[in-house]
Amino acid sequence: MSLGWLISSTVVNIFVVLFLSPFFDGFTRKIRALIQSRVGPPPLQSYYDILKLMGKEDLKSTINPLFRISPYLSIISIGIASLLIPIVDFNPPFNFWGDIFLFIYIITVVGIAIIITASASENPFAYVGASRKMMLHLSVEPILAIALITGAINAGSFKIGDIVSWYYSHGPNVSMLLATVCVFLSLQALIGKIPFDISEAEQEIAEGVLIELSGPKYACVKWANMSRQVLFCLVFSQIFIPWPMTDNFLLNIIICLIKVTIIIFISTLIEALNPRLRIDQALKYNLTLAGFSITAIFLALLGV
Amino acid sequence: MELWFYLKVATVAILLGIFFTAIIKNKSFSGILAIISTSLFALSLFYFSVNILLDKTSIEWKIFSLAPLINSTLLLYVDSLSALFLLIIAIVSFCVVLFSWRYLEVYPKHSSRRFYPFLLSLFLSSVGLVIVKDLLFFIVFWEAMTLTSWVLVIFENQKKEALKGGIQYFIATHVATSFLILAAVIIYSYSEDFNFVEIKKSFTNIFENNSMLAHFLIFSIVIAFITKAGILPFGFWLPNVYPQPPSSASSFFGGVMSKLAIYGLLRFFLSITPFSSYSEIWGFTLALLGVVSIFVGTIAALTQDEAKRLMSFHAIGQVGYMLLGIGTGIYFVTFSPFLGMIALTGGLLHVFNNSIYKSLLFLNAGVIFYKTGTTDLNKVSGLIRIMPFTAIAAIVGSLSIAGVPPFNGFISKLLIFESSIGVMKVTESFFLVKFAFIIFGIISVFISAITLASFLKFVNSAFMGKLKESIKERRAIPWSMTVPQIILAGICLLTGLFPFIVLESTYYAISSATEFAMPAFSSVFYVSIAGFGVNFCQNCTETGVWFPLLVILSVLILSLLIFSFEKYANAPKREVETWYGGKEHSPEEVIYTGHSFYQPFKEMVSFKIFNIQFRGLYPVELPSIKFSFPTIIKKIIQPDEWFYYPLIKKIMKFFDLVDTYYEKLKEKYMAWLVIGGILVFFIVFYLAGGII
């Protein structure tokens, strides 16, 4: 593992997760528009949105210093989480740096940042959104944790790179397939799209956690939400479906982008064709799924 | 011998402190005296323990012996394990006393003479507890700790809850202590000496020959310690007791006192008993009890709306994490020493980390009480405007207890998770046992998110939101209450960023406490200034890693990028009113109270069994115990009902009768005289035998 590889793969990861995410968002908007028989915005519209918002007036509803910092924390922590995902190789760029628990906790920090932003904004709608976001997070986190732990049990290591290379070389077994299915079923909840966009429900609580944000802060949180979509699609496509993986640096990136596009397409279909769930329904769905996914661990211990 | 000098200084300082605070009536002056004596105590204790931790030595000092009377000596013995606890006591005691100085102003009717002497004796007995090497004196210090803390619990002796909590605490801890005494008496009959070394010999003997007795002894000792630590279901008293004393004392209770029970467990399982099949069974039991506490305690905490009660439930949950680590360690240490050591180190490290952030959080609650007069999360909000330092410290504490990187809770939780899930590699143990430990690990990962949820609720409802107008003018917060919080929050961040500071000491504390040959530190942990890697077997590659320094590096780079981007965009800023959907509301109308958080989830974990309402898997009110005996037994055990009272009634009736006759004849005084005279005459006549 040379320094050159480290830097180039870091740049690739950050680029894919942070800088390509508005493009993928534009892609989902276009597909959604086509499904709903609209023309829809141009694919680069989300870039324009972010750039425009960056220069817009920054309205402050509070003097709370956390309100100023935490929107940026959300996008920063997504950037850090992206360093733990393998794109160009079996090993993520920062494989030597933390393991699955670190990954689970960093995606928690993304949630914390948005919750603190919401509650610091002093708006009761934002509080409702924050409370819902936390509940969604604590119900969906175990599913991802159990799936990653299943991989860790199979591979005998907690490092994401070891899990992926074991999975690639030993092929899918029953337990990993089960874990993959569970992660797929929780993907919409992880991304926070319909039917699980309960914390930002526009019609009910006026975008909940985002209600008081404007200007650069709103741009950051919007950007973080777009990047989160790409991040979790990458988690699914690169950790739970690592095939095909080649020795070529560029080819791997292209394969990864194709896979992510397909998964985002499926996720958009689900989003466009489903209604929003209520929070108690979402909680029941996620916790039942989490209980069910423990079977994967049982199977992994049996060695199948 | 020179090191003992510092311990002597500490003892003398605290004894003087106890004496002077007991005789001085002025609250503020007695607070200053307490600060001086505790600073001296904490400094010398700090120096003493750090020296031992760095030198990795152990020292022994025999003070006196009760030899002809009973085979017991006051033998002081300090190894790395004791020194680590001394370090915790030194840090927390200083912060607590400094905090108490001005904090006691909120209790104008209560004398400080009922607070400082007992708090300082609590420090002293805690120190005594961790350095004695003799079971009899261990019990003496244990009892001293219980009694002094009990006096602190009933500090507000006019409050009904305090008295109720006090009686629960008194009964629960004394039942626990009686188990400890029972075990001590039984083991004394075998060893005929209270010294730990002699006791260890007899335990080895009992373990080989008498399995029933061995299980009973371990059971009694484990019950005694986990009751004090607050492990459910034996820790039912804890949520009613920890909120009662002044917050600074609660801080010492939550930060140190409940951890001393963990010290007892560690000392018992590592130093006093040999590793055997018993430690496997009891290791599993401890891990199971730990997980029950983690699960029930933390989910119950989520439903609490009172800050100190919420933290008390978390005290139960967090002790569960320690017990999970220690139990896993004891179970696996004999056949997989690497895994066992990681688990034990994780458990002990969690003790250290927990004592720091738990005391910090109780102090935060204390500041809220000082400012607003309540710790009810439904009544306070928006306090970050008037107490920014406390708010930041509370956020640091909350993130630490939830185990969010890069704070200190993450390191110990990481080790506990990795060890309980790392059992997958142990080939020697049974499949279902491994499955159980992995489930324990997953439950603790899940509960970590619940911990975060409940502390975000605490932070969000207390510090965020609109500030009520009525709170602004109350007391200003003095520096003496801010400094302890900053110290503790600083330690949380420092040990989180540089885990090498505590990791090796913790590891050595475990391996020096036991005679079992442990693998070398460098083969289990790969430690550098940036972080550490974890090995599960000899010559393996690292399976778990955590390098916090790199996180900071990347956070800095990314934030530099994004903030420069914002600077470049140069958006104009303007202050506006909060938008309530087009309506105007006063701050009081739009406060989102603590009770409103997570309602759907709370409903999911609330249910009713036989008239007992469970909220968050925990009964809202502990069921009162009602016996009804058959009437015949009632009669037998209450002889006064059918024998004494009727008898008394008859006698009284007789006296009444006499009395009425007397009343009737009272006026005829002359007649009484005549009758009496005749009577006397006849008696005398009779006695004289008719001679007259």
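Structural remarks
- Between B:Tyr331, B:Ser220, B:Ile206, the Cα set farthest toward the positive side of the dipole of chain B (charges on each charged residue's Cβ, about the Cα centre) is that of B:Ser220.
- Cα gyration tensor, the range B:45-182 - rounded (a/c under 1.5), prolate or oblate: oblate
- Under 26 Å from B:Lys425, Cα to Cα: lysines that are on another chain or at least 8 residues apart: A:Lys159, B:Lys413, B:Lys434
- Table column - 3J(HN,Hα) (Hz), the range A:120-127, Karplus curve with 6.51, -1.76, 1.60, x for Gly and Pro: 6, 6, 6, 9, x, 4, 5, 4
- Contour minus Cα-Cα distance for B:Phe681 and B:Leu647 (0.36 nm per residue): 8.7 nm
- For the range A:4-155, the calculated P(r) over all alpha carbon pairs, in 5 Å bins from 0 to the bin holding the longest distance, is 2, 8, 12, 14, 17, 18, 15, 9, 4, 1, 0 percent.
- Dipole check for the range B:440-521: with +1 at the C-beta of Lys and Arg, -1 at the C-beta of Asp and Glu, and the Cα centre as origin, the magnitude is about 640 Debye.
- With Cα atoms defining each centre, the range A:1-59 and the range B:51-117 are spaced 59 Å apart in the structure.
- Average other protein chain Cβ within 10 Å of Cβ, residues A:95-107: 6
- Computed FRET value (nearest 0.05) for B:Glu588 with A:Leu273, which takes r as the C-beta separation and R₀ as 25 Å: 0.05
- Student exercise, the range B:632-687 dipole from Lys, Arg, Asp, Glu Cβ charges, in Debye to nearest 20: 160
- Nearest-ten-degree value, helix B:211-229 long axis tilted from longest Cα axis of chain B: 80
- Inter-chain Cβ neighbour average for residues B:416-425, partner chain, 10 Å: 4
- The range B:632-687: C-alpha gyration tensor shape, a/c 1.5 cut-off, then a/b vs b/c: oblate
- A Förster radius of 25 Å, combined with the Cβ-Cβ distance separating B:Ile612 from B:Ile632, puts the computed FRET efficiency at roughly 0.20.
- Of A:Arg228, A:Arg68, B:Arg309, A:Arg38, the sequence from fewest to most neighbouring Cβ atoms within 10 angstrom is A:Arg38, A:Arg68, B:Arg309, A:Arg228.
- Peptides B:170-176, A:104-110, B:454-460, A:166-172 ranked from most to least packed, by the mean per-residue count of other Cβ atoms within 10 Å: B:454-460, A:104-110, B:170-176, A:166-172.
- Degrees, to the nearest 10: B:196-209 long Cα axis against longest axis of chain B: 90
- 29 Å Cα-Cα reach of B:Lys635 towards lysines, excluding residues that sit fewer than 8 places from it in its own chain: B:Lys626, B:Lys649, B:Lys650, B:Lys653
- Computed [θ] at 222 nm, deg cm²/dmol, the protein assembly as shown (DSSP H ≥ 4; -39,500 (n - 2.57); rounded to nearest 500): -22500 deg cm²/dmol
- Angle in degrees between helix B:645-665 and the longest Cα principal axis of chain B, rounded to the nearest 10: 40
- Where Rh is the Kirkwood radius over Cα pairs, Rg/Rh for the range B:276-520: 1.04
- Peptide A:55-61 has a mean shielding of 5, counted as Cβ atoms of other protein chains within 10 Å of each residue's Cβ.
- Within the straight-line cut-off of under 18 Å between alpha carbons, the lysines reachable from B:Lys200 are B:Lys133, sequence neighbours fewer than 8 places apart in one chain being disregarded.
- Separation of alpha-carbon centers, the range B:255-312 and the range B:227-244, rounded to whole Å: 11
None of the figures in this text is laboratory data; all of them are computed from the coordinates on show. Because the structure is a prediction, the values reported are computed rather than measured. As a convention, Cβ positions derive from the backbone with ideal geometry for all residues, glycine included, and neighbour counts pool all protein chains shown.
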